[in-house]
Amino acid sequence: MAATRILGMRVDPLSYEEATEKVLTWAVAGESRYVCVANVHMVMEAHDDPNFRALVNAADLVTPDGMPLVWMLRKLGHPYQERVYGPELTLRVCAEAARRGVPVGFYGGHPEALEALVRNLRTRFPGLRVVYAYSPPFRPLTPKEDERITEEINALGCRILFVGLGCPKQERWMAEHKGKLWAVMLGVGAAFDFHAGRVRQAPVWMQRAGLEWLFRLGQEPRRLWRRYLKHNPRFLLLAFLQLTGMRRFA
C-alpha cells in the first residue's frame with residue numbers, strides 16, 4: 001500500500017477489509033497505534049497547519065472517508081479506490097472485534113449519546129466486549145486527570161479505542177497518546193452521534209454524490225456553515241491546481 005499525498009496530507013488507498021484487518025492485527029498484538037479517517041475538513045486543517053499535517057502524516061493509517069478524497073485518489077493513480085467511511089468502518093471493526101473477542105472502548109461524545117451508542121452497538125453485536133466508555137469534559141484535562149484516564153484504559157485491557165472528539169481535536173489527542181495507550185485508536189468523529197441515533201446520516205445517493213456535507217449543513221447550519229464556507233471552495237481550487245500540476249504540495 002503506497003500512501004498518496006492530497007494537498008500534502010497523506011491518504012492511504014485501501015479497502016474496508018484491509019483497514020479492518022490491520023486494526024484487528026494491531027489490536028490482538030497489543031500495539032499502540034492511531035488511525036485517522038480523512039475528509040476535506042481534515043485535509044484543509046492539515047494544509048493550514050503544518051504541525052497538524054505532520055501528526056496526520058505520522059498516523060499508522062489514514063483512510064479516505066470523504067468522497068472528494070476518493071475522487072482525488074482515483075485521479076492520482078488508484079482508479080478503483082472506494083470510500084472507507086468512518087461510521088461504516090466503526091461497524092466493521094466492532095463486528096470483527098466481537099467475533100474475535102477483542103475488548104473495545106469509546107472516548108468522547110456527549111454522555112447521553114455515548115450511553116446510547118454503547119447500547120446500540122451491544123445490541124447489534126451481541127459478543128462485543130465494551131470495557132470502557134467515557135465522555136470527557138469540554139475543558140482541557142489536567143495532567144493528573146489525563147494520567148488517570150490513560151491508566152484506567154490500559155488496566156481494563158481495552159485494545160481498540162474509538163475516539164469521537166471531532167477534527168482536529170481527536171487526531172491531536174490520539175497522537176499525544178501513542179506510546180501511552182496500548183490500544184489501536186480510531187478517530188471516527190461523527191460516528192458516535194450517527195450510531196447513537198442522535199444525528200441522521202445522509203441518504204446513500206447523497207453520500208455517493210459527495211453531497212453529504214450539504215445534508216449535514218441542513219441539519220446543523222449554525223455549527224457547520226463557517227467550516228464549509230472556509231474549507232470547501234479552497235479545497236476545490238487547490239485540488240485542481242494539484243491535479244493539473246500547476247502547484248506542488250510538500
Using alpha-carbon positions, the gyration tensor of the range 12-71 gives root eigenvalues a ≥ b ≥ c; with a/c under 1.5 called rounded, otherwise prolate if a/b exceeds b/c, else oblate, the class is oblate
Checked against the structure, the computed mean projected area of the Cα convex hull in nm² among (i) 12.9; (ii) 13.6; (iii) 16.5 is the one labelled (i)
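Heavy-atom accessible area per residue, the range 145-189, 1.4 Å probe: how many Å²? Let's see the in-between values first.
Working: 1690 Å² over 45 residues.
Accessible area per residue: 38 Å².
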For the range 121-221, shape from the Cα gyration tensor axes a ≥ b ≥ c, cut at a/c of 1.5 then a/b versus b/c, turns out prolate
HN-Hα couplings for the range 34-46 via Karplus (6.51, -1.76, 1.60; θ = phi - 60°), in whole Hz with x for Gly/Pro, come out as 9, 10, 9, 10, 9, 10, 4, 4, 5, 4, 6, 4, 5
Taking protein heavy atoms only, a 1.4 Å probe, and rounding to whole percent, the accessible area of the chain owed to carbon and sulfur comes out at 55
Once amide hydrogens are built 1.01 Å from N within the peptide plane, the residues lying 5 or more places from ILE6 or on another chain with amide H under 5 Å from its amide H are VAL11
Calc'd 3J(HN,Hα), the range 4-13, phi into Karplus 6.51 cos²θ - 1.76 cosθ + 1.60 (θ = phi - 60°), Hz, glycine/Pro = x, comes to 10, 9, 10, 6, x, 9, 5, 9, 9, x
Computed for the range 4-196: size of charge dipole around the Cα centre, +1 on C-beta of each Lys and Arg, -1 on C-beta of each Asp and Glu, debye to nearest 20, value 260
Lys pairs in the range 4-196 with Cα under 30 Å (8 or more apart in sequence, or on separate chains) total 10
Scalar couplings 3J(HN,Hα) for the range 208-225 by Karplus 6.51 cos²θ - 1.76 cosθ + 1.60 (θ = phi - 60°), nearest whole Hz, x for Gly and Pro, are 5, 7, x, 10, 4, 4, 5, 5, 5, 4, x, 7, 10, x, 5, 7, 9, 5
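The values are calculated or read from the model by the stated rules, or taken from the named source; none is laboratory data. Since the model is a prediction, treat every value here as computed from it, not as a measurement. Don't worry about glycine lacking a Cβ; one is built from the backbone with ideal geometry, like all the others, and counts go over all protein chains shown. Just the protein is used for accessible areas: all its heavy atoms, side chains included, with ligands, DNA and RNA removed. Shrake-Rupley method; radii C 1.70, N 1.55, O 1.52, S 1.80 Å.
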